[in-house]
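> Please read through the structure below; I'll follow up with questions.
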Amino acid sequence: MTRMPDATAPTSQAYLAAAGPEFAALCTACGKCFDACPLVDSIGLRGADATAVTGGLAQLARGETGPDATVAWVGACGKSGLCIAACPQRDRGLNAMMLVRIARQQAIVTTKQLAAKHDPAAFPRVKTFARLQLTDEEQKTWL
C-alpha cells in the first residue's frame, strides 16, 4: 500500500509534488468517484464520459494540463466525501477526495486552469468576528 507523504512538507508545493503522483498512480480512472459525486448534475457534466473525466485527475495531480471537464469537476468539488466510499482503490490507500483536492490545487497553482479565489473582504470579516470574541485587552493586543 502506498503511504501518503507527511503533511508537514516544507511547502504546500512540495507536498503537491510528492503526494499528487502517488495518488495518481493508484487511480485506475474507473469513474466511480465521478458517478457518486452529487455536484455532477448541477455543473452539467452528467453526460460526460466518467473514465475520461477521472483520467484527467491523474494528469492534474502530476501537474499536467487536464481536460476541461475534469477542471470543471474539481473546481466545483463540495467535499461531500461520497467519492471516498465509491472508490474501489481505497483499500490500496487512495483517498479519492484528496486526489480531487490535489488536482484542484494543481489546476490553480501549476497549470493555471482554475482562477484562485480572491476575497478582499476576508480580513475585515475576520476582524469583525474577532471583536465579538476577544476581550478589550485582547483586541488592543491583536487588532
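The values are calculated or read from the model by the stated rules, or taken from the named source; none is laboratory data. Keep in mind that what you see is a predicted model, and the values were worked out from it rather than measured. We place every Cβ from the backbone using ideal geometry, glycine too, and count neighbours over all the protein chains shown. Please note that ligands, DNA and RNA were not included when accessible areas were found on the heavy atoms of the full protein model with its side chains. Shrake-Rupley method; radii C 1.70, N 1.55, O 1.52, S 1.80 Å.
> Let me confirm something: among ALA121, ALA85, which residue is over 17 Å from TYR15 (Cβ atoms) and either among the aromatic types (Phe, Trp, Tyr) or exposed (fewer than 10 other Cβ atoms within 10 Å of the Cβ) (or both)?
ALA121
> Would you check which residues across the stretch 88-109 are closer than 13 Å to VAL74 by Cβ and open to solvent by less than 70 Å² (accessible area, probe 1.4 Å) and list them?
Those that are closer than 13 Å to VAL74 by Cβ and open to solvent by less than 70 Å² (accessible area, probe 1.4 Å): ALA96, MET97, MET98, LEU99, VAL100, ILE102, ALA103, ARG104, GLN106, ALA107, ILE108, VAL109.
> Here are the criteria: (1) open to solvent by less than 70 Å² (accessible area, probe 1.4 Å); (2) touching a helix residue (DSSP H, G or I) at 6+ places or on another chain (Cβ under 8 Å); (3) among the β-branched types (Val, Ile, Thr). Tell me which single one THR51 does not satisfy.
(2)
> Out of the stretch 16-34, which residues are in contact (Cβ under 8 Å) with a residue 60 or more places away in the chain and either open to solvent by less than 60 Å² (accessible area, probe 1.4 Å) or assigned to a helix (DSSP H, G or I) (or both)?
Of the residues in the stretch 16-34, the ones in contact (Cβ under 8 Å) with a residue 60 or more places away in the chain are 16, 19-20, 23-24, 26-28, 33.
If the condition is that a residue be in contact (Cβ under 8 Å) with a residue 60 or more places away in the chain and either open to solvent by less than 60 Å² (accessible area, probe 1.4 Å) or assigned to a helix (DSSP H, G or I) (or both), then LEU16, ALA19, GLY20, PHE23, ALA24, LEU26, CYS27, CYS33 are the ones that fit.
> Same structure again: For ALA69, are the conditions met, namely being farther than 19 Å from LEU16 by Cα and either of a type in the set (A, V, I, L, M, F, W, C) or loosely packed, with under 14 Cβ neighbours inside 10 Å (or both)?
Yes, satisfied.
> Only one of ALA69, ALA50 is touching an Asp or Glu at 6+ places or on another chain (Cβ under 7 Å) and modelled with pLDDT of 95 or more; which? Walk me through how you get there before you give the answer.
Working: ALA69 fails: touching an Asp or Glu at 6+ places or on another chain (Cβ under 7 Å).
So the residue among ALA69, ALA50 that is touching an Asp or Glu at 6+ places or on another chain (Cβ under 7 Å) and modelled with pLDDT of 95 or more is ALA50.
> Now, a different point. Would a scan of the stretch 27-41 turn up a residue that is in contact with a Cys (Cβ under 7 Å, 6 or more places away or on another chain), of a type outside the set (A, V, I, L, M) and under 19 Å from GLN113 (Cα atoms)?
Looking through the stretch 27-41, none of the residues is in contact with a Cys (Cβ under 7 Å, 6 or more places away or on another chain), of a type outside the set (A, V, I, L, M) and under 19 Å from GLN113 (Cα atoms).
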